[in-house]
Each structure stands twice: as structure tokens, then as C-alpha cells.
Amino acid sequence: MIRAASIAGWLGLQVLVPFFPAGFGNHLFAGEIADEIDRELGRFVNEFCISCHDSSTTTRLDFTKTSRDFSDQRLFQRWVRVFDRLEKGEMPPAGESQPDPAVRKKFLAGLEKRLYQANRKRQQSRGRVPSRRLSRLQYEHTLQDLLDIGGKLARFLPPENESGSFDVIAAQQEMSPVHVRGFLKAAETALDEAVQLGRQPYRGKRSLNYFQSPYIQMWVDRPTRMGGGTIFKTGTDVVMFRGENHVFRSDHNGYRPPVAGRYRITVRAAAYQPRSSITLSLKRQNDVQGDSELFAAWDLSGKNYREVSTTHYLRPDDFFYVSADELEPAPDGKVIYNSQPASEFRGEGVSIRSVVIEGPLEGSWPPDRTQALFPATRWKHAPQGNRNTRQYQPLFESSAADSIRKAISRLAWMAFQRELSPEEIDRFLGLAQPDVANGVEFVEAAKRSLKAILVSPELIFLAGDPGALKDGELARRLSFFLWRSLPDSELVEIANEKKLVENGTLLAQVDRMIGSPRFDRFVNEFLDQWLDLDQIDATTPDYFLYPEYDDVLRRAMLAETREFFKHLVRDNLSVSNLVDSEFTFLNRRLAEHYGVEGVVGEQVRRVNLGPNHVRGGILGQASIAKVTANGTVTTPVRRGHFILSNLLGLPPDPPPPGVGSVEPDTRGATTIREVLGRHQSEESCAVCHRKIDPPGFAMEVFDPVGNYRTRYRSSRGNDRAINVGLRLLHKEYILGKKVDSAGTTPQGDDFRNIQEYKNLLLKSSDQVARNVVSRLIEFSTGGEIEFADREVVESILDATRGEGFPLRSLIHQVVSSRLFRNR
Amino acid sequence: MRHSFTRRTALKASGIAITLPWLESMASGFASDSGASPQRMVLICSTLGLYSPALFPSDPGRNYRTTEYLKILENHRKDFTLIGGLSHPDQSGKDPHDSEITWLTSARNPGLGGFKNTISVDQFAASQVGNQTRFRSLSLSTFTQKSQSYTTNGVMIPADEKPSAVFEKLFLKGSPREIKKNRQYLAQGRSLLDFVGEQTKALKRKSSTRDHRQLDEFFQAVRKAESDLAESEAWMDRPKPDVNIEKPKDIVDPSDLIGRTQALFNLIPLILETDSTRIVSVVIQGQSTVPKIQGVNAGHHPLSHHGRDPDKIKQLKIIEGRILNCFGSLLNGLGNTTEKGRRLLDSTSVLFGSNLGNANAHDPRNLPILVAGGGFEHGKYVSFDRLNNRPLCNLFVSLLNQFGLETEQFGTSTGPLDF
């Protein structure tokens, strides 16, 4: 629902390209001569600009050194800036002589045509986007899909350039020997996980028997002064009162995953002495790789046992453990250590009855993926050595070399979506051949050829010729956009039949892909980068000030934003929902965090909020509050900057050098708004900060973990003893000064709170849509928005404005546009 | 320990007759063989700053009154200089901790639109020294592979975080079978890279587009990776140095910040003494977990945002004191090791500092900087203008000069630092 489809005038944010005469681009150069335009440009500059911007200028622009050679990229960019500043009315500055509106308009039209022409010419001859590599995440998904494996592989590649844009932007991508080694290592690891020829593991159900584990018994028996005594056993269960990764780790209690693969873990447990809802969780940890992960979290309440299960990818060096969160201490305030024996303790706990592991979930052994990798090969069981050595020998349809050829041919078809010529196969085979001749084991020899496919530039690069994308290229661009990986067989088939270039077919495929589970990769990674959700762990909320924050809440926060956005796309809802919506996505935990009643269970689902709700739109979501705050405090500057840059796509200029930052003070004597007073009182600050700060003021009602607050939490005057264990005993903040979330927009519209601010922001839905379309174009094509692309963005907005810019339609429009369909 | 290393062995090792530029540096290397100790450089960054009221004395000079933090290093007073008023210009970036990635590079506005990092000072030095040592440089980290070392085109070089892996890489000799296997692995790697290089050329020929920047870079990167492998192969013919210590055990617990820091610092004298490399960078990562230290019950990162809360500052000072203590023990280690009658410390310039001057406000100016050893004249506190900082790169230039490179300019430097 669009309340006002007008331009974002009230924010003082002039739209970048409001001015495109009808029919622009169609009869562009009719009757015009570039020379004539150039002479007019020159006259205008001489009359209105040169007096400040000549060779004696103190600014960065000197027109005597700025020729109109638009084929020079640096000069071209400079002229684009000239166009934008004039067009926004920022130049000539107030107080200087101003051109007549008609003169200005004519100048802008002439410059626009020249810039457009130069830009299009470059795009047509060179392609808009240069050849580029897969990002590290895209490479991980690609390997996973090609080889049917899980596991983290991106970590072998260096992090992407922190350029402030998407990981796929060609101009920002880097390549180095570190990458080459990374690709090799990732491909090697992936192949090793794909080829499982060790002893056939038991694949049925196995119990992780906490109750009878000697290791658990040791912790039961151990006195508190030695770190034990925090758990106890009933007749059937083990009871815990806090998350204890050390005690409940699977490897020390008799279970290690025999091979890398998918496992189903089923837990049966009940809340113990519950006074409120509590969370049972399952976590994975890997001390070798140094990472950990929350597998799943379930709500427990009342006395009933609950049986829950989850399926996840485990490697042999992983361990998992059953854990618990949201446990309240005893009503008398005692902690487990001074309330012995543990069975006497009256705090909340979790009573674990059983844990059952099933897997690896393979239909056969060797696993299907291993067998699929070697099509002309069967495997004969040939037991030898210990369990880790190879237990299967290959049986060839004809010969080892032939088996390798067939393996090369199949994997290459999947990776490149084309048949290799016999000569090409020979070349890949050449890498394995010396080994085959030297009697090196078949699998090791074959891996050499297969690895070469996985690190081939044909797989790693999205390269091609300028002009319209051919079917295969279009299929790749589409699937790396919506699935962040290679096209599947259906898409490849349609492309091979040369039908994908038909727009109807293309859009039908878009809809199919949006409906697939693989679309989650787009949702997660687009939002991670667009809304900085990948920064959720950049700071950890202060343990004392925000004791309610934990892994389970963090997960629900991310799920809300992701499910919300996915819903907007799948149900084709208006982009204005990003600003304000009458619904959001919650589970019990997050609903409690928000004070929304009536949501039961750990499942994240759509919840109606009604109109004018604090939590409507993404600005009300805790994930956004979290990524725009640091661990202890919020600053309106950072949040205002987020709204301008990330939501509206109008980043303010960076602060002048030498400007200090605000030193956080949680002692409660002053509020951040009092500290920021200078921003408004000093004109040199106010120029920018009257735009930046007000949106941040509205967001002040959200603390660093997304609580709605009316007063600041303060740490003043607390004498903290060192507490052990129970989370909520750390709640040692006091409530300080009142939060003031009122403000005035640069246009003079007052708002008293976040709801009123969002109502004002809804007027900028056009600009939000413009930003979303621009970001989608960048994310899908790997090229930033150029001057000549602006008309495409505008035409997409024109085509969808009537329905209020619904998100799926925006994606359809982007995919149908010349920017997507051309190199 | 040293073997004469002839061109013939190198050629034999690489398996084919090639003449790469590095062979020349190999033949003419080993400054230490000719008498003088080689110069070394150790660059250490503690990414969450040092609480400056506890660090900086009130007055500069030789007779500065010691402070809470400097007291920890009092034994080494003659061996270090504290420098105030240094920073890189234009460090406001996208994320307030982005100055971490530019601490050794000085690239401006990290993370803002169009940002590209530049070469780090350790990698610049490494690119100049050639392969006189088994490794041109080492990048170590207390946690994760995030280093502060960047290549010429701004790509991060992953850090070693496990002392055991560093030890293996440098000192573990391996059985003949393992060596053979390793050699095979390197040879296969080279033939694969050669193949990938050919494919890249073919792909470039096939497409008519003129913009090949990335494919060209890929091709060069493949070739470079190939020659790196050849270099590793050549080094396999030289036995690794004998050291009389056990392989260190890795500390698994991520919250043992001090243990992890100390474990890396323990290796540094050994690395330098055996001339395994002459350039080491270490990053002490800011962690949000509660470090295992008596008297500390909140995370290091949250405490750095103390909000001027006296209790948090107290705890923060405990952590930072322990880190400085580790630094002191490193100075001990370097001071107690002698080489040709000189202390190892005297041929090793050690930089210890942070990318944040005030972590509470994420202020990247007025950085805490300590320089130790390296033959500089020490024992003083030098303070530059706190409002108008000197470029930290000026110090980098001085360090590079001391290291033996006639560099006049690095990053945003305006000259060497006079201190």
C-alpha cells in the first residue's frame, strides 16, 4: 500500500534522476550534432562555473583541466558529478549568479545526452560488466551442489574486499595467489568429502547415552569446588541448570560422527521446575576449525516431555551438545554453586531423557555421491587395514583410463553445462595419466583430473562477449543471482533448447527458482550484504546491560528479517512494507522480546501487528537495531546513516577529516542526544547532520538488542560481584534518563515518535523502490549502476508504481531489462 | 646449520631447468654468513587499543614519570620508546573497527565505497628481501586467520593462528616418506597450475571482450602460485633447523586470550634466531568472549567500550596489563638470545601498538605506539601534536630504513620519523 507515491521531497533528498523527458533514448541524437552540444556546454561553464573552478581553484574541480573527452573514465565520472550537482540545485552555490531555469534545463539536457551516449557506446563495445570470478560464497555453493556435499568451504578463500558493495561486483573483486591456493584447497577438501570409500559405517540409530555415560557420572560426582556438581541424575534423566558445552559434548560421551555427512539428531527432554518458557538447544562445536553453530532451538514448557529432531551436516572432528537457554535462577536468588546438592536447587533446568543419532543418512555405501562421481565404475568391497583406509576397489567397465574419461565428461558437463570435445577430455585426462601409468591408486589419479575441473577458469569465471547474453550465459547469470550457484538440470535443458531468451519462459523460471529452497541463499546473502546483517556478530552486547541477548534470540532476529523479506518477494508485496508493515515474522522468543502476546512455540511465523505498530517495517526489527548499534550504546548518527544509505540509497558525504567521534558514556549523566547538540547548533555540522540525525533520533527507542525502551539502561553505581553461571543474575543495570525520539525532518516536518517518523518516510517509497531496484541490478549483474542505467531503473519504477512496487514484480522487471540480458 | 646452496641444487630440486629471478637472490643472500646479523622486523597490533590514561606519561622526554602500564615494562625501559601523536590520516570507515585492516597499509577510508586496500609494510619489506629465508614473512594471529598483511593489490594473506602449525612448518623435519609425498604433492600442484594457466589463456583467446583485468590477474596469480611452489620445492632440499624444544600445544579455548598471545610470542625469538624469516606480524584479535583472567568477568571487546564506567575500566586495565606483560616477556626472550655476541633484540625492530587510540570512541587517532630494539636509541617518551598527528607511516619508513631498505616513502608518509 502506497500512501504517497511522490518524490522524496520532504527529506530534502532530491532524487538522482527525476528528469527524463518522454521518449528519452529513442530519438536521442536526431537532428543534434555533438559538436553543437559541446559548444553550448562550454558557454555555460564559462558563464556560471569557471570563476570558481579555474586553475586557481581550491576545490577538486578545475574546468581548465576537465576536457569533454567522455571516453576517459575519470573525466566521465567527473562530468557525471557535475551533472548531479547541478541537477540537484547544489551548484552554482547560493549567493552566486544563477542561470535562468530554461538555460539550466537546456544545459542539463545537452550534458545528459552526451554522457548517455558516451556511456552506452562504452557498454556496447566492452560490455557493461567485465569478466568476473565467483565470490567465495558462490564458489562454496557451487562445490556443494556439484558434489552433493555440505561443509564450509568459503573459509579457504580470503575474505572479499571490504569495498562497501556486494561480493559479486566485478570492479571491486580481487585476485591473487592467495585466491589460487584457496580455490585449490577448497576443491581438494570438497573432493575428499565427496569420495567416501572407507569402511561402511553403521547407519542406523545410535543412542548418545548421557544417563549411563561415565563422563557425565564424573561431573555428577565431582564437588563444586572442582567445577562439578552442577548437574544431577533422576531415575531416568540427566538434569542441567545452565548451558554446559563441556559436560554434554558428544565426543566425550561416546559418540563421534564416523564420516562427514548428514545426521538426524533426536532429543527427548522436558522443562525442569519451569516458571516460564525455556529453550532447549542443540549446538555444534569444532575446536579444530574453531567454530560453533546453533543447530536448533525448541521451546519447552510445562511438565510434558517433548521429542524434537533436526538434520545437520557433521564432520568427524565436530561434536555437538544438548544445551539450554533462558533459564531463570532459583526464586531465592541462589545459584547452583551455593545450593548443593544440585537436586535441591530450585532454579529452572532441562531434564534430558534421551538423545538418538541416525546417520550418516546415505541410501547406499559407498554413498550415492561417490558412486555418481565415477559413472563407469563399480565398487567391490575389499576390506583392508584400519577403518580409515580404503575398503573398496574399483571395477571398471573397460579400463581405468576410460573410467576417468567418463568421470571427467560427467563432472565437466555439470560444471560447464556443455559437452567437452574428446580432445578436451584428453587434456584433463593428461593430468591423471602419468599416475595411472606409475601405478598410483585409481581414485587418487582420477581426483587430479577432477580437481582441474573444479579450479578451471571456465567454472570460476563468468566471462563472455559484449552484447546479448546467449541462453547458457543467461541461465548462469540467473542462477548465480537467485540461487548463488550453478543452474540445475531443468534450467540447463531449457537453455540448451534455446528457449530461455523468451521472456515468458525466463520469468516462469524466475518464479520456479524463487519457490525453491535454494532461494534462501539469495535471501540470506542479499540481506547480509544489503542490510549489513552479516555484521550481527560484529559487536557483542554488554553482558550486564543486555542480559537477555543470547544465541537463540540472535537467531530469531535474523530469521524475522529474512522471512519477512522472503514473504514480500514470494507474495509480491509492496516495497513500502520495508518502511512500515502491518505484520512481521516472530516466534515465541522474539514475540516476548517485543512484548507481542499470543505467539507460542519456536516456529517463526507471520504475525499480524495492525496499523501504526512500532515493529512494522524493517526499522522496527531487532536485527536492524542490533547491526546499527555497538555493544553498549546506540548512536543516532550511525542509524541515520543506515537509513539514508542502506534503505534510501542516498549516502551522505563522509565526515570532514579530523572530526572526532562521540565517546560513549553509559554512566547515565548525559544522553546521546545531549552530546549531539552541537550537530544542530553549529552550522558546519548541521549542513549534513540535519539530514542524518533525525532518522536516528526516531530509532532511539530501540536499544542495541532491539528492545523497545522509554528510558536508557545505565551502569552507574553498580558494584558488581563476579557471578558464575546464571544469566539473569547479571541484570545489574538501572534505568537512567528518558529516551527522546522526537525530531524534525530537514523539510520541517515534526515527528514525536518512530511511528510518526515512518509515516513521513512512507512518502519516500519511490526512493526506497529506486534503491531496491538498483541494488538488485548490482547483485544480479555484478556491475554498479552507471549513468546510462538510470533510465532503466526509472522505467522499472514507472512500470510498477501503479501497484506500489511489489517485490517479485521488481525482480521480474530487473531480469527482463537490458541490463540483465546483456553482458 | 647452513649448507651451501648452489644453483645446481636448486635446478635439481625444481626438476626442470628454469631460471627464475629468485635464483639470483638465493645465490647472493645470507647476509648473516658474511658477518653482520641480519635485521629483523616484528609488528604487533592489539586491535582494541590501550587505555591511554594508563599508558601515556604527563611529560615527554627521557626522564618521563612512569605510568601504570609502563611500570609493567620498567625492566625494559632502556630498550623501548613510547610514541604519542601518531596515526594514519582518514581512517573513518564503514565499520568503526575497519582501521584494523589498514593498520599496516594506511589505505584511506576502509570499507567506504570503492575502497581497496594497499600493500602492508611487512609485505612490502618481504617483497624486497627475496628468498634468503625459508619464509619471506610470517603472519600470526591469536584467533582466526585474519591477518593485517595485504598483497600489492590489497588481498589479505591468511594468518597462522596455531603455534603447533607454525612449529611444524618451520622446524618439523618429517620422515623420508612424508618428504617424498610432500614433494609429489608440490609437483602435482605445479602441473595442475600449469594446466589451469593454459586454460586461462585459451579462455582469453576465445572471448573477444577487451576487458580481461580479472582473467589477466588470475593468470598472473596462477603463475605466481606456481613459482611459489617451485620455491618451496627448492627449500625442501635444505634441512630445517634443529631446535631443542617440543612442539607447542595449541590452546583450544578461545577465551584464553593471554595464553594464546603468549604462545605466539614464545615462538618469535625461535623463528628469528633460526633465520626462518626476518619479518613477523602478529595481530592480537579483539574478542567478545570473557577472557580467562582473574578479576575479569566481561568480554574484552565490550570492556573496551567502557562508557567511562570505572568498574569496566578497572577490568579493561587488567586485561591490557596482561597483554603488556606478554610483550615484556617477548622483549625478555629477544634480549636473552644472543647472536654473534649481540642480543637478538638489537637486530630486531619491534613495533607494538594498536589501530585504535581510544577504543571507547573508536577513535583511530593518537595511537599507542611502542618501538623496541632494532638498534634505535631508546628510553624515552616522544610526543607529537595530539591535534595534528604525524603519519604512522613515517615510523614505518624509519623501520624499513633500519631494516636495511632505502625506502623514502611508504603509504601516507611524509618522510622518516624523527624520534
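All of the numbers you see were taken from the coordinates with simple rules; none came from a lab. Predicted, not measured: the structure shown is a model, and the values here were computed from it. All Cβ positions, glycine included, derive from the backbone under ideal geometry; neighbour counts span all protein chains shown.
Summary table
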read-out	value
Per-residue average of Cβ from other chains inside 10 Å of A:124-133	4
Amide H within-cut-off set for B:Leu138, under 5 Å, with H built and near neighbours excluded	B:Ile279, B:Val280, B:Ser281
Spin-label pair A:Gln535/A:Thr505, simplified geometry with 7 Å Cα→Cβ offset, distance in nm	4.3
Within chain B, longest stretch clear of exposed GluC sites (Glu not before Pro) (DSSP loop, no more than 14 other Cβ within 10 Å)	B:69-245
Of all DSSP beta bridges in the protein assembly as shown, antiparallel share, percent nearest 5	75
Peptide A:167-177, shielding by other chains (average Cβ, 10 Å cutoff)	6
Spherically averaged projected area in nm², based on the convex hull that wraps the Cα atoms of chain B	22.2
Largest to smallest principal axis extent of the C-alpha atoms in the range A:727-823, angstrom	59, 40, 25
Volume per residue of the C-alpha convex hull in the range A:59-161, rounded to whole Å³	184
Sequence of B:Lys340, A:Lys65 once ranked by neighbouring C-beta atoms within 10 Å, starting from the fewest	B:Lys340, A:Lys65
Out-of-range pairs (alpha-carbon distance over 22 Å; input A:Lys283/B:Lys249; A:Lys566/B:Lys146; A:Lys447/B:Lys181; B:Lys146/B:Lys314)	A:Lys283/B:Lys249; A:Lys566/B:Lys146; B:Lys146/B:Lys314
Where trypsin sites (Lys or Arg not before Pro) fall in DSSP loop in the range B:147-252, at most 11 other Cβ within 10 Å	B:Arg210, B:Lys249
Residues B:Asp160, A:Asp368 arranged by fewest to most Cβ contacts within 10 Å	A:Asp368, B:Asp160
Tensor-based shape of the range A:352-397 (alpha-carbon gyration tensor, a/c under 1.5 rounded, otherwise prolate or oblate)	oblate
Residues A:Val440 and B:Asn182, FRET efficiency given R0 of 25 Å [Cβ-Cβ distance, rounded to 0.05]	0.95
Computed over the range A:444-562, the ratio Rg/Rh where both radii use C-alpha atoms and Rh is Kirkwood	1.14
Overall form of the range A:598-718 per C-alpha gyration tensor (a/c, 1.5; a/b vs b/c)	oblate
Gaussian network model of chain B, springs between alpha carbon atoms under 10 Å - residue of B:Pro176, B:Pro89, B:Pro269 with greatest fluctuation	B:Pro176
Longest to shortest principal axis, alpha-carbon extents of the range B:149-296, angstrom	66, 41, 25
Full-extension gain in nm, A:Lys380 to A:Arg418, via 0.36 nm per residue minus C-alpha separation	10.5 nm
Sorted by Cβ neighbour density within 10 Å, fewest at the top, the residues A:Met240, A:Met414	A:Met414, A:Met240
Rounded Å value of the spacing that divides the Cα centres of the range A:269-312 and the range A:460-476	46
Averaged over A:154-163, number of beta-carbon atoms from partner chains that fall within 10 Å	6
Spacing of the two label points (7 Å from each Cα toward its C-beta) at A:Ser795 and A:Asp72, in nm	3.2
Packing rank of A:73-85, A:102-114, where each peptide gets the mean count of other beta carbons within 10 Å, highest leading	A:102-114, A:73-85
Set A:Lys406/B:Lys201; A:Lys152/B:Lys317; B:Lys71/B:Lys312; B:Lys180/B:Lys247 screened for pairs whose C-alpha atoms are more than 28 Å apart	A:Lys152/B:Lys317
Anisotropy class of the protein assembly as shown from Cα gyration tensor, a/c 1.5 cut	rounded
Shape parameters for the range B:346-410, alpha-carbon atoms, Rg then Dmax in Å	12.9, 38
Amide H within-cut-off set for A:Ser485, under 5 Å, with H built and near neighbours excluded	A:Phe480
Of the DSSP H helices in chain A, those whose Cα atoms cover at least 30 Å axially and whose Kyte score averages 1.0 or more	none
